[in-house]
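What follows is a set of notes on a single structure, which appears directly below.
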Amino acid sequence: MLTRPQFDRACKLLVQEYESSRPSFVTNALRGWLWTEHPSVCSLGYLSRNSNYLSRHMEPFIHIDSNDNYTEIDEAAAPICIDTEALTSQQYVVYSATFQVPCFYFTMYHSNGAPLPINELLSSTLFRPGILQDANTTTFALTRRNTAFPLLSQGDHPTTGKPCWFLHPCETTIAVEELLKEVEKVADSEDAKLLSWLKMWFVVLGSIIDLA
Amino acid sequence: MSTYGTTRHHHSPAANFSNRDRATDYHTTLFRRLTWDGTVPLEIRVDPKELPANSDRNLECYFVQAPRVSYLPLLMPEIRRFFMDLVFDETAAKDLKDEEWWFETAEGTLVKWHWPIGLIYDNHTISASLKPTSSRSSTNAIPLRLILHLASPPNEKLLLSPSPEACKQAFMGQLKEADFIRWGSTKRMTGLRQQDQDGLWEGIKEHNFDDYWRVASKVTPTTAPTRAQSPVPPSSSASMVNRPPSADPGGPSERDGAYNVRSIPVRLYVPDGPVIQGLVPPMIDDNTPRTLSHYLVDHIPLLFPTSPPAPPPSRANPHPRPPPVPRPAYALVQGIVMPLETEMAWLGGCLAGADGWVNVCIGINH
């Protein structure tokens, strides 16, 4: 868990560390973020950036049967798709006031400006393969079996109020803190610990979303 | 309605425990009932440019007194019936797809269908009161005028598909978040049987207080004798404390009281501003409950300035009072201006919406 001031501090440290770094596979997830604050209310700051992805059109990645059930086709068995379309995504890392952790919000559009429906989102290169495993999908959410909240659903961006898709943050703390146990040194400064926490959060996010 | 100041209960703990097998105390139930029964006037008309040919223009407006705790997607069936049966010409209207219908206020702002109707109304009333052309209205409630569009929803600005299913999921999500905020986990909500969880939404759909609260009372904190320093309950009730809430037919134990939560689920709506949400522990310290005044001074001090201290005593004025502070703003909860000494925990137990959240809307005094 992070308090809001800790989240703010960690984000600013991240932007600072990577703003002049050269692109590399390892650090792409952490680069290109901009810190923005609400014009009149303090403590509503967030990270944002734009990214490009591709759709996976042909050779359906996702199969929809006559009962509107979505299942994923094994990538190894599917022919490589050739015809892809460029998609733009606005990505945000905001602070979840309820769960007191960072939370990933995003939008995704076709090049003509039309927003993507959920099945196209899930088949784009934004999501790692395996996203549909054990999950039930509707037009407005994707929910993993036996979980309290949908993994992917819609909500208003907490600062701008814009409707976005977001990944539910409730399981994040456990995953991040497990990973941190492996790496954290007691002697680290407060700033180092905060930056470490946020980077680890990006690692956990990276298992679902391709942030490169 | 001038009696909100009462937040203490003078029942003796022993008497309350003996009455408590099924009943939440009278005071809490009264306010929950008043909240549930609250309604707001809506006036819905179709965008005149979109009226199908041959519509009956004399009937172009649908008036409804809508429950504050309900949601626009739940009103859609009756709205659709009115327009399709009475207003639209059958042939002209046969190609309309109601999943493309969407609402805008008369002033042109998009309506957030996932907000409870009472919240939409209060926010709108406050916004309207701030416009230079508005007059200080009488006590009559002004209807919220909505324009119903029949096609081309602006998908980039609106959440997709305001279907009842999406609305239900959003509602259940809010209840679970409220649970998490209070206790640090969602196990009270997720511990309910699926049938009970669905029963909460059914209670909203059917607008049935008893059906809704039959389940909600298992997870919503009460303000019955549950102050942090209350005496220990008699031993006959001690066994209740260890049972999981859903197995306990008597409702939440003392440990689950409104003053023992970690934080109260509350959001602050500033006119034309963002929604503010922060941690709101029920007590300032061991003996002082957090009031609305504490909360507002913390979050929006410019609108709710603290009183400066009283001047030192002097011979001319041996018992000085602090100078009066101008009050630029007021706080509305469930449409009612709240006294600033109202305790936040009490609001959480008695005046929350059906989704578990206390919504505080800030208005500006003229």
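The table for this structure:
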read-out	value
Shape of the stretch B:271-366, Cα gyration tensor, a/c cut at 1.5	prolate
Most to least packed among B:180-188, B:59-67 [average Cβ atoms within 10 Å]	B:180-188, B:59-67
Scaled radius of gyration (Cα, divided by 2.2 N^0.38 Å) that the stretch B:31-105 gives	1.25
Around A:P23: net Lys/Arg minus Asp/Glu count, Cβ-Cβ under 14 Å	+2
Label-point gap, in nm, between B:T109 and B:V325 - each point 7 angstrom along Cα→Cβ	2.7 nm
Peptide-level mean, for B:173-184, of C-beta atoms on other protein chains within 10 Å	3
Relative packing of peptides B:111-117, B:50-56, A:137-143 - highest average C-beta neighbours within 10 Å first	B:111-117, A:137-143, B:50-56
Cross-link table B:K97/B:K205; A:K181/B:K176; B:K112/B:K168; B:K49/B:K97; A:K12/A:K199; A:K12/A:K181, entries beyond 19 Å C-alpha to C-alpha	B:K97/B:K205; A:K181/B:K176; A:K12/A:K181
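Every number here is computed from the coordinates shown, using simple stated rules; none is lab data. Computed from a predicted model, the values in this text were never measured in an experiment. Please note: Cβ atoms are built from the backbone with ideal geometry, for glycine as well, and neighbour counts cover all protein chains shown.
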